[in-house]
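The values are calculated or read from the model by the stated rules, or taken from the named source; none is laboratory data. Please read all numbers here as calculations on a predicted model, not as lab measurements. Neighbour counts are summed over all protein chains in view; Cβ atoms, including those assigned to glycine, are modelled from backbone coordinates with ideal geometry.
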């Protein structure tokens with residue numbers, strides 16, 4: 001008969017290990033829930049540039065609905081090639097503000113407004129937008145001083161545009177002779193959309209070819225979701241590394257603004 005006994009872990013070590021396991025499980029569950037919500041329902045997005053002024057400003061923190069157009073591989077983080085096309089597809093409409101994967105670099109997200117749907121003809125003439133041969137009506141709403149996007153303040157005229165179907169929104173125009181104010185006519189291919197920024201003279205969008213660093217036509221598969229609301233907003237200069245700007249640079253007037 002052996003006098004040896006089997007060693008067992010001290011109670012305090014067993015309790016600590018069980019606590020660590022519970023913490024890990026909680027974190028994993030939280031991440032799975034967050035991933036589920038992000039893929040199927042909502043995605044947060046921070047506006048990185050001035051291309052959508054005067055409706056979205058750099059520092060706006062918005063919520064994008066993921067179900068509006070159905071789901072594609074771009075609905076999932078890192079866009080795994082699980083399938084092609086869209087599941088539960090719903091067509092996008094002119095005037096929608098959308099987040100999409102850049103066609104020539106799908107790892108980059110852009111946000112623009114849909115101006116043309118499949119079959120539409122789009123052209124700019126002296127700063128005026130033409131859709132299917134008809135000028136999109138616009139009404140001047142005044143002149144403002146805004147950053148042109150390059151760190152300089154300029155006078156900008158703000159216009160209210162109305163697309164066919166009644167969608168109305170504001171645009172910025174720094175003048176009729178910018179690089180993108182006179183274009184050829186674009187014919188939107190089947191299964192694609194034509195995107196433009198609301199800041200018409202400071203937006204690299206579908207008016208610029210991918211070869212020139214622009215967007216070109218955007219496949220329906222690349223749509224990630226529709227921008228719905230500005231949740232929070234900070235002015236320029238706010239930084240995660242400057243805690244005082246978290247409060248000092250808040251813009252409460254922009255909180256909870258629905259997007260049009």
Collect the residues in the stretch 91-109 that are more than 15 Å from residue 215 (Cα to Cα) and surrounded by fewer than 13 Cβ atoms within 10 Å (Cβ to Cβ), keeping them in residue-number order. 91
When only residues in the stretch 201-246 that are surrounded by 15 or more Cβ atoms within 10 Å (Cβ to Cβ) and free of Cβ contacts under 8 Å to residues at least 24 places away in the same chain count, which is nearest to residue 175 (Cα to Cα)? 214
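Among the strands (runs of 3 or more DSSP E) confined wholly to the stretch 160-260, which include 1 or more residues that are more than 29 Å from residue 40 (Cα to Cα) and out of contact with any helix residue (DSSP H, G or I) (no Cβ under 6 Å at 6 or more places or on another chain)? Let's see the steps before the verdict.
Working: elements: 168-173, 192-196, 223-233.
By residue number, 168-173.
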Within the stretch 8-29, restricting to residues that are surrounded by fewer than 10 Cβ atoms within 10 Å (Cβ to Cβ) and not in a helix (DSSP H, G or I), the one that is modelled with the lowest pLDDT is 8
Inside the stretch 128-159, can you point out the residues that are modelled with pLDDT under 95, surrounded by 10 or more Cβ atoms within 10 Å (Cβ to Cβ) and outside any strand (DSSP E or B)? 148, 149
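Just to be sure before I move on: is residue 163 on the phi < 0 side of the Ramachandran plot and in contact with a strand residue (DSSP E or B) (Cβ under 6 Å, 6 or more places away or on another chain) in the structure I sent? It would help to see each step written out before you state the result.
On the way: on the phi < 0 side of the Ramachandran plot: yes; in contact with a strand residue (DSSP E or B) (Cβ under 6 Å, 6 or more places away or on another chain): no.
Against the criterion (on the phi < 0 side of the Ramachandran plot and in contact with a strand residue (DSSP E or B) (Cβ under 6 Å, 6 or more places away or on another chain)), residue 163 does not qualify.
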Only one of these conditions is not met by residue 85: (1) surrounded by 14 or more Cβ atoms within 10 Å (Cβ to Cβ); (2) modelled with pLDDT of 90 or more; (3) touching a helix residue (DSSP H, G or I) at 6+ places or on another chain (Cβ under 7 Å); (4) in a loop (DSSP other than H, G, I, E, B). Which number is it? (1)
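For every residue, the table says whether it meets (1) out of contact with any helix residue (DSSP H, G or I) (no Cβ under 6 Å at 6 or more places or on another chain); (2) in a helix (DSSP H, G or I); (3) modelled with pLDDT of 90 or more.
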| residue | (1), (2), (3) |
| --- | --- |
| 31 | yes, yes, no |
| 38 | yes, yes, no |
| 45 | yes, no, yes |
| 55 | yes, no, yes |
| 94 | yes, no, yes |
| 100 | no, no, yes |
Filter result for residue 189 (surrounded by fewer than 14 Cβ atoms within 10 Å (Cβ to Cβ) and at pLDDT 95 or above): yes
